[in-house]
1. Using a Förster radius of 30 Å, what is the FRET efficiency between residue A:31 and residue B:287 based on their Cβ-Cβ separation? Nearest 0.05, please.
2. Gaussian network model of chain A, Cα springs within a sub-10 Å range: biggest mean-square fluctuation belongs to which of A:60, A:51, A:33?
3. Arrange B:368, B:276, B:223 by Cβ neighbour counts within 10 Å, fewest through most, would you?
4. What ranking do A:66, B:252 get, fewest neighbouring Cβ atoms within 10 angstrom at the top?
5. Is the shape of region B:4-470 best called rounded, prolate or oblate, per the rule: a/c under 1.5 gives rounded, else a/b larger than b/c gives prolate, else oblate, with a ≥ b ≥ c the square roots of the Cα gyration tensor eigenvalues?
6. Rounded to the nearest 10 degrees, what's the angle between the helix A:23-44 long axis and the longest principal axis of chain A, both from Cα atoms, 0 to 90?
7. Based only on other Cβ atoms within 10 Å, what is the fewest-to-most ordering of B:462, B:310?
8. Counting partner chain Cβ atoms within 10 Å of every residue's Cβ in B:412-418, what's the average?
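Only the coordinates and a few stated rules stand behind these numbers; no lab work does. Keep in mind the model is a prediction, meaning the values are calculated, not measured. Note that we place each Cβ from the backbone using ideal geometry, even for glycine, and neighbour counts take in every protein chain shown.
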């Protein structure tokens, strides 16, 4: 389960981004962040050592339909 | 007199080229329609009457002289107000950019102009292209032409409305998680989100470098094919744009669909459909069967994680782009938009990079398991028809994330994967609001999607139904 709390979000806002958050705003953001954090944690274990984001562009071309080749 | 604005691009273009109809006459009619409906639908942010008429006169002169003109000569179009034009204001639907003048002209607009298309103005949109509803706190909400109590969908709200209301023949929109397909579905028009790198992003307001796409909304599949053929292709100004040859998409429309294989997902896409949408999708399946298209059942990979990591990556990129304004001008954002952008500020960089790194793996899995069994997937574009404004939380409150997820549940995973998807209207629900199906293909298979979509429109008439507000 995600350990993200409103206090954590407020601290990041103030230290990393130099602005302050109201409690209500921090609560809403926490509710939005928690499921994403959980999903991210779950899928991160399936990432292989030598993958990188640009592999996607190569795959897009490689897996593409033949109609646009020429 | 015949109402030429009710025709499609291909038929109208023939009339202009033959001299039966002048571009000037057509543009005047389009401007009159835009002015007559603006108060009711609010689809335009800016209307550039004089410039459009001047450009139309130039096209007419060239035609009279027998000079060559492009495939969109004299056709009035208008676009989501986020495609830059050198020296002209592009608001991006925002207060922050209300006076921003483009420092370049977007490649897609240059290509449309070269093809002879006319630019009528900037269309309403969700602020900074964030949000699937079509509301805008700065320029006023945009309204569904089929019923003004209902939303038109977003973020390319004005594009859907202006095309559906027969004000313009086509409009560009942008799609990062469904923003072309959702308003297309809610307004009863055709919309295509092309393969991720098919169309240049140069001069397009960024929301997310990884997922932004632009594409046309039109009344017919064939019209969308014509516009996409004009705007697609490599652009030296956008290093990510594909170098693949652009097929003749209109010619693809004429190819046979018999024995093509259409996959019906056995999981995810058909969950929790409204009764009307469910019924209309069943009817659609029958129509494709009648066209001798083979229908196969396909298990699609789980989308639960895809949806969440797409949102994480999008928010990371959007919040990077907006960080300075979020800090210095937070009150200049609408509440829903601010909330959806700012949560990217609270994620570690590793989460963002993991989301992007996994994209290749998911794309390969999808192509292996889905497109080895069928030419395209058939899904509902949305699980519901357009909701009423008054039933929605557009203020960025507690129920907002769930609402966004529900409206875009069938479109956003496809944006993460970067696949092409065509939305085609397929009938009306009990309240007279349109529903649509979505055809999803492997990368760069737009031609096949056009072929299937056009075959469907040749034996149905939904795309010729006109909202009462126009009559």
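1. Efficiency, rounded to the nearest 0.05: 0.10.
2. A:60
3. B:368, B:276, B:223
4. Listed from fewest to most nearby Cβ atoms, that is A:66, B:252.
5. rounded
6. 40
7. Lowest to highest Cβ neighbour count: B:462, B:310.
8. So the per-residue partner count for this stretch is 1.
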